[in-house]
Amino acid sequence: MRKHKTNIYMNVKRNLTALLLLLWISFGFCAAQNREGLKVHYLGANHSLIQVVSPKKYLLLPVEEAAPEATVHVLVNNKAERTFTVRLAMNRADYLVPFDLEQYKGKTVSFDIHSGNSRSNVRDAMEDVCWDDIKLADIFDTANREEFRPLYHHTPLYGWMNDPNGMFYKDGEYHLYYQYNPYGSMWGNMNWGHSSSKDLIHWEHHPVAIEPNGLGIVFSGSSVVDKENTVGFGKDAVIAIYTSAGASQIQSLAYSRDNGKTFQFYEGNPIITSDKECRDPNMFWHAESRKWVLILAAALEKEMWIYTSDNLKEWTKESAFGKGYGAQDGVWECPDLMQLPVRGTDEKKWVLICNINPGGPFGGSAAQYFVGDFDGKTFTCDTKPEVTKWMDYGKDHYAAVSWSNVSENRHTIIAWMSNWQYANNVPTKQYRSANSLPRDLELYRAEDGELCLATVPAKEIEALRGEKALKYAAFSVGKKAAVRKLPVDNSGICEIELDINAHSAGKVNIVLANEEDEQVVMTYDAVNKTFSMDRAKSGLTDFSKDFPAVTVAPVADGEQQRLRFFIDRCSVEAFEASGRFAMTNLVFPKHPYTKISVSTDGGQCRVNKLTVYPLNMNK
Ligand code: FRU
């Protein structure tokens with residue numbers, strides 16, 4: 001009897017266990033959870049589906065930068081509409097990014113999510129914090145949360161930015177597009193973000209202008225104003241040509257009839273293809289030959305290919321430039337070709353800008369240029385192949401390209417103020433990367449007879465100078481440093497004009513520092529004719545081994561140096577006042593620099609001018 005009872009008990013226990021297991025398995029693989037307005041279905045260890053039940057304006061996605069990228073297919077009325085990647089939070093959400101649901105108003109939207117993990121157990125996946133933190137909202141807060149966000153340099157409101165591209169000027173406004181990831185502050189999902197400005201300094205943010213399509217994500221390119229309607233999309237239509245990056249890189253055309261706010265894809269895309277990796281088309285109207293010219297970077301060939309066209313749609317390859325020329329260590333990217341005046345003469349010469357990565361003079365990315373002639377089809381370089389000329393001698397000046405359709409006498413460029421070596425790791429989260437100051441280009445003839453680029457900060461920046469400039473009286477200084485204050489109540493954000501005469505000093509040290517002794521050490525070496533900037537102790541540097549660095553520029557002969565420094569929350573840009581060198585470096589001081597000091601390695605140096613202008617955006 002007792003034995004029989006035990007058997008019954010054993011059977012019940014076994015069945016119960018089986019039932020529980022069955023329940024667990026079915027729960028494990030078919031579990032759905034309701035969140036406010038959302039239904040999350042856990043479909044497998046690496047697969048989930050979110051149904052939006054009662055939509056709001058945005059779906060806010062929690063991002064953890066250390067997490068792998070999940071692939072999200074957006075289904076609208078069950079149809080695959082788009083795909084993007086996002087680092088969905090597993091352990092903690094670093095920040096939220098919005099997905100705009102308004103665009104699908106009245107339709108059903110769901111998100112088919114394949115996590116970037118390779119888990120074998122759905123229970124682990126269900127524990128990821130993203131499922132608790134994901135939410136619907138009518139507002140996405142873009143108020144700044146970053147201590148290092150610059151004041152007067154352009155940054156995206158949130159998300160990742162790299163190259164500036166597609167820039168044009170029209171009806172009093174400068175349009176700036178940029179390589180943009182709206183779903184996280186690291187590289188991915190390339191779109192063209194869009195901002196515009198009347199003065200190159202105060203930027204208004206606009207919705208994304210060009211989004212990925214079936215041909216690929218949207219890499220860099222350029223835009224022109226089609227004044228004579230050569231392409232047939234209307235007089236003054238804005239035409240963008242960019243790289244569609246899918247499995248291969250091909251060139252696509254998009255046009256805008258509302259001054260660059262929105263773009264339509266040309267149905268005949270792609271317009272240029274190749275079996276080589278080619279990208280970043282840059283075009284302009286060549287008045288002499290009455291043709292459009294496009295220059296395309298054949299990245300791995302380390303060549304720039306030159307095309308011509310009558311209608312912007314059909315292009316003929318005319319020539320290639322670059323084999324063996326200049327810096328060749330990295331891939332060639334982001335070209336630009338323009339005719340510039342030579343200062344003090346009636347002469348004009350052509351300049352071909354070629355951004356390269358890596359292979360820059362201080363590691364990673366940098367912009368080189370070639371001076372020569374262009375006959376509408378072929379670029380001929382003035383210098384020998386072994387000559388390399390750099391546009392900027394810092395570590396954080398890349399993808400420099402110019403605005404199109406600006407007046408004939410003005411050639412204004414802007415660069416991405418970062419370096420591929422560490423751009424994804426700099427200590428910001430809400431957004432990543434700023435642009436350099438906009439700069440005007442000209443050529444000048446250097447002492448050795450070479451034609452070189454002069455890079456001068458756009459004059460519009462001077463309007464930011466506050467009324468209360470700190471004008472320090474001229475002084476002489478030796479080994480013992482003379483220390484002067486920077487504008488503390490302005491978080492150290494300023495422009496500094498410094499005119500020095502090295503006299504008997506071999507080296508003049510110019511140091512920006514704060515009370516914690518974080519410092520940027522700049523040195524004018526009158527003997528070796530160099531200007532250098534050392535940021536090894538400038539603040540936070542340990543996010544990348546490549547960040548601490550000393551950058552060095554050659555300077556023109558002469559004891560006298562007129563220098564200009566622009567300091568924003570995370571950058572120092574140094575210029576020789578007439579633009580003979582530029583040096584752009586990021587810095588992340590824990591507190592703003594509060595003082596500038598000048599000293600020498602021995603002899604006496606005369607400081608003829610030291611003026612500090614607090615820079616102010618309200619003007
Ligand atoms: C340069 C670059 C370009 C490309 C883009 C992609 O930084 O690599 O060649 O178009 O970035 O974001």
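Structure notes:
- Members of segment 290-345 that are among the basic types (Lys, Arg) and without any contact (Cβ under 8 Å) to a residue 12 or more places away in the chain: Arg290
- In summary, Gly602 fulfils each of the numbered conditions (1) at pLDDT 95 or above; (2) outside any strand (DSSP E or B) with the single exception of condition (1).
- Count of residues meeting criterion [closer than 18 Å to Pro207 by Cβ and more than 16 Å from the ligand (Cβ to nearest atom)] in segment 116-169: 11
- Of all residues in segment 42-84, those that are closer than 16 Å to Arg119 by Cβ and assigned to a strand (DSSP E or B) total 7.
- Criterion: within 16 Å of the ligand (Cβ to nearest atom) and within 15 Å of the chain's Cα centre (by Cα) - qualifying residue of Pro212, Pro182: Pro182
- Some residue of segment 417-433 being in contact with a strand residue (DSSP E or B) (Cβ under 7 Å, 6 or more places away or on another chain), at positive phi and either of a type in the set (Ser, Thr, Tyr) or free of Cβ contacts under 8 Å to residues at least 60 places away in the same chain (or both): yes
- Verdict on Leu176 being of a type outside the set (Phe, Trp, Tyr) and either touching a helix residue (DSSP H, G or I) at 6+ places or on another chain (Cβ under 8 Å) or away from the ligand (no atom under 16 Å from the Cβ) (or both): no
- Criterion applied to Leu151, Leu157 was being touching a His at 6+ places or on another chain (Cβ under 9 Å), of a type in the set (A, V, I, L, M, F, W, C) and open to solvent by 10 Å² or more (accessible area, probe 1.4 Å), and the one residue passing it is Leu157.
- Criterion: under 22 Å from Asn405 (Cβ atoms) and under 22 Å from the mean Cα position of the chain (by Cα) - qualifying residue of Asp329, Asp336: Asp336
- Contact map, segment 564-587: residues that are more than 19 Å from Asn616 (Cα to Cα) and part of a loop (DSSP other than H, G, I, E, B) paired with residues that are of a type in the set (A, V, I, L, M) and open to solvent by less than 10 Å² (accessible area, probe 1.4 Å), Cβ distance under 7 Å, separation 6+ or inter-chain. Pairs shown: Ala577/Leu563; Ser578/Ala454; Gly579/Ala454; Arg580/Ala454; Phe581/Ala553; Val587/Val520; Val587/Val572.
- The number of residues in segment 492-514 that are open to solvent by 50 Å² or more (accessible area, probe 1.4 Å) and either under 20 Å from Leu615 (Cβ atoms) or at pLDDT 95 or above (or both) comes to 1.
- Any hit, segment 233-244, residues being within 13 Å of the ligand (Cβ to nearest atom), open to solvent by less than 10 Å² (accessible area, probe 1.4 Å) and without any contact (Cβ under 8 Å) to a residue 40 or more places away in the chain: yes
- Count of residues meeting criterion [open to solvent by 40 Å² or more (accessible area, probe 1.4 Å), among the hydrophobic types (A, V, I, L, M, F, W, C) and either within 13 Å of the ligand (Cβ to nearest atom) or part of a loop (DSSP other than H, G, I, E, B) (or both)] in segment 260-308: 2
- The residues of segment 462-480 that are open to solvent by 70 Å² or more (accessible area, probe 1.4 Å) and out of contact with any Pro (no Cβ under 7 Å at 6 or more places or on another chain), listed by number, are Glu462, Glu467, Lys471, Ala473, Lys479, Lys480.
- Criterion: away from the ligand (no atom under 16 Å from the Cβ) and within 17 Å of Thr142 (Cβ to Cβ) - qualifying residue of His194, His206: His206
- Residues in segment 361-384 that are within 26 Å of Met283 (Cβ to Cβ) and either loosely packed, with under 14 Cβ neighbours inside 10 Å or not hydroxyl-bearing (Ser, Thr, Tyr) (or both): 16 in all.
- Considering segment 314-336, and only residues there that are more than 16 Å from the ligand (Cβ to nearest atom) and not in a loop (DSSP other than H, G, I, E, B), the residue that is farthest from Lys389 (Cα to Cα) turns out to be Thr316.
- Given (1) open to solvent by less than 20 Å² (accessible area, probe 1.4 Å); (2) within 16 Å of the ligand (Cβ to nearest atom), number of the condition Phe219 does not satisfy: (1)
- Restricting the search to strands (runs of 3 or more DSSP E) fully inside segment 344-449 and requiring at least 1 residues that are within 16 Å of the ligand (Cβ to nearest atom) gives 348-357, 366-374, 398-402, 412-416.
- Residue that is open to solvent by 90 Å² or more (accessible area, probe 1.4 Å), in a helix (DSSP H, G or I), more than 30 Å from Gln103 (Cβ to Cβ) and modelled with pLDDT of 60 or more, where the choices are Asn15, Asn7, Asn11: Asn15
- Complete set of residues in segment 249-259 that are touching a residue at least 12 places away in the same chain (Cβ under 8 Å) and assigned to a loop (DSSP other than H, G, I, E, B): Arg257, Asn259
- Looking across segment 62-73, the residues that are in contact with a strand residue (DSSP E or B) (Cβ under 6 Å, 6 or more places away or on another chain) and surrounded by fewer than 19 Cβ atoms within 10 Å (Cβ to Cβ) come down to Glu69, Thr71, His73.
The values are calculated or read from the model by the stated rules, or taken from the named source; none is laboratory data. Keep in mind that what you see is a predicted model, and the values were worked out from it rather than measured. Positions of Cβ are backbone-derived with ideal geometry, glycine not excepted, and every protein chain shown enters the neighbour counts. Ligands, DNA and RNA are excluded from the accessible area calculation, which covers all protein heavy atoms including side chains. Shrake-Rupley method; radii C 1.70, N 1.55, O 1.52, S 1.80 Å.
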